[in-house]
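Written below as structure tokens is the structure these notes are about.
The values are calculated or read from the model by the stated rules, or taken from the named source; none is laboratory data. Since the structure is predicted, the reported quantities are computational estimates derived from the model, not experimental observations. Positions of Cβ are generated from backbone atoms using ideal geometry, with glycine treated the same way; all protein chains shown enter the neighbour counts. What goes into the accessible areas is simple: the full protein's heavy atoms, side chains included, and nothing from ligands, DNA or RNA. Shrake-Rupley method; radii C 1.70, N 1.55, O 1.52, S 1.80 Å.
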Amino acid sequence: MTHQYRSVLHFEKYIVKDITYKTNEAYTEHNEISLDFDFDAHIQLSEDNQEMEVELGVSIFKDSIEKNYPFEMAVNVKGFFYLEIGNERIDTFEANAIAILFPYVRAIVSTFTANANVAPVILPPMNLYNYLKNKHNKKKNQD
């Protein structure tokens with residue numbers, strides 16, 4: 001691969017910050033449940049813009065008792081990145097970092113739910129950058 005295609009965003013590692021899972025023992029089964037989930041991301045850059053930490057979280061079936069979902073779950077991962085900054089825009093790196101972390105979150109959710117003896121939850125592929133941008137704009141308009 002030539003140097004011109006080499007990314008200036010380097011993914012170093014990720015950690016699972018936390019996972020919470022709670023069964024709704026009062027759940028009454030019905031035919032089909034629509035997947036109810038929400039994402040959030042927090043990005044922190046070092047002062048020299050060379051290091052970036054990205055926290056990506058997903059909440060699934062929030063308020064399971066009130067909404068009669070079989071369980072509720074939250075997963076938060078933190079990714080560590082190194083940046084070789086030139087004239088690139090930081091928001092481009094943020095979107096790419098979120099896209100890099102998303103498959104790890106998807107894998108954690110599907111593996112955990114399969115092992116919890118419930119129907120495995122497979123989060124759909126999505127354009128997280130646009131999803132989070134729209135969510136941020138909606139929140140800003142509400143303030």
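Expressed as a whole percent, the accessible surface of the chain that belongs to carbon and sulfur atoms is 47, based on a 1.4 Å probe.
Per-peptide packing, taken as the mean over residues of other Cβ atoms within 10 Å, places 94-101, 29-36 in the sequence 94-101, 29-36 from highest down. Taking the chain as the region of interest, the number of lysine pairs whose Cα atoms are within less than 16 Å, with members eight or more places apart or on different chains, is 4.
Here the dipole of the chain is about 260 debye; that uses its Cα centre as origin and unit charges on the Cβ of Lys and Arg (positive) and Asp and Glu (negative).
Please identify every one of the chymotrypsin sites (Phe, Trp or Tyr not before Pro) in region 93-143 that sits in a loop by DSSP and has no more than 16 other beta carbons within 10 Å of its own beta carbon.
Details: sites: PHE93, TYR104, PHE112, TYR129, TYR131; in loops: none.
Qualifying residues, ordered by number: none.
Once you order the gyration tensor axes a ≥ b ≥ c over the Cα atoms, which shape class does region 59-139 get: rounded for a/c under 1.5, otherwise prolate or oblate by comparing a/b with b/c? Prolate, since a/c reaches 1.5 and a/b exceeds b/c. Taking every protein chain into account, the accessible area of the chain amounts to 67 square angstrom per residue (probe 1.4 Å).
From helices alone, the chain scores -10500 deg cm²/dmol at 222 nm; the rule is -39500 (n - 2.57) for each run of n ≥ 4 DSSP H residues, then divide by the residue total.
Rounded, prolate or oblate: pick one for region 1-118, where a ≥ b ≥ c are the square roots of the eigenvalues of its C-alpha gyration tensor, a/c under 1.5 means rounded, and failing that, prolate if a/b is larger than b/c, else oblate. Prolate shape, in that a/c is at least 1.5 and a/b is the bigger ratio. Please work out the C-alpha center-to-center distance from region 35-85 to region 12-26 and express it in whole Å. Cα centroid to Cα centroid, the span is 11 Å.
Computed from backbone phi with θ = phi - 60° and the Karplus coefficients 6.51, -1.76 and 1.60, the 3J(HN,Hα) list for region 30-41 is 9, 3, 9, 10, 7, 5, 10, 8, 8, 10, 8, 9 Hz; x is used for glycine and proline.
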